[in-house]
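Okay, structure first, notes after.
The values are calculated or read from the model by the stated rules, or taken from the named source; none is laboratory data. Everything numeric in this text was worked out from a predicted model, so none of it was measured. Cβ atoms come from the backbone with ideal geometry, glycine included; neighbour counts cover every protein chain shown. Accessible surface is based on the protein model in full, side chains and every heavy atom, while ligands, DNA and RNA are left aside. Shrake-Rupley method; radii C 1.70, N 1.55, O 1.52, S 1.80 Å.
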Amino acid sequence: MTDTTNNQPSASKAPTHIAYHVRERKGDKGFWTRIGAAWAHGDGNGFNIQVEIMPLDGRISLRVASEKSE
């Protein structure tokens with residue numbers, strides 16, 4: 001079945017942003033775990049976000065996708 005509502009990102013396009021769960025640690029940098037990805041809408045006015053897990057604490061940060069691992 002084909003999704004014609006455009007709610008899901010195209011499998012052929014790489015995500016424009018990566019979603020991370022960030023947990024703060026005392027006296028050190030936060031601990032970042034990749035939890036999903038986001039694709040910019042074609043009109044530039046929003047994103048489709050696909051999250052594999054939903055954290056119960058910390059925060060979610062969206063970062064521009066890059067070749068370099070963070």
### Summary
The correct count of residues that are under 14 Å from PRO15 (Cα atoms) and of a type outside the set (Asp, Glu) in region 45-67 is 11
### Query
Residues of region 31-68 being without any contact (Cβ under 8 Å) to a residue 24 or more places away in the chain and either among the small types (Gly, Ala, Ser) or open to solvent by less than 100 Å² (accessible area, probe 1.4 Å) (or both), which ones?
PHE31, THR33, GLY36, HIS41, GLY42, GLY44, GLY46, SER66
## Note on the structure
Restricting region 1-21 to residues that are modelled with pLDDT under 95 and among the hydrophobic types (A, V, I, L, M, F, W, C), the one surrounded by the most Cβ atoms within 10 Å (Cβ to Cβ) turns out to be ALA14
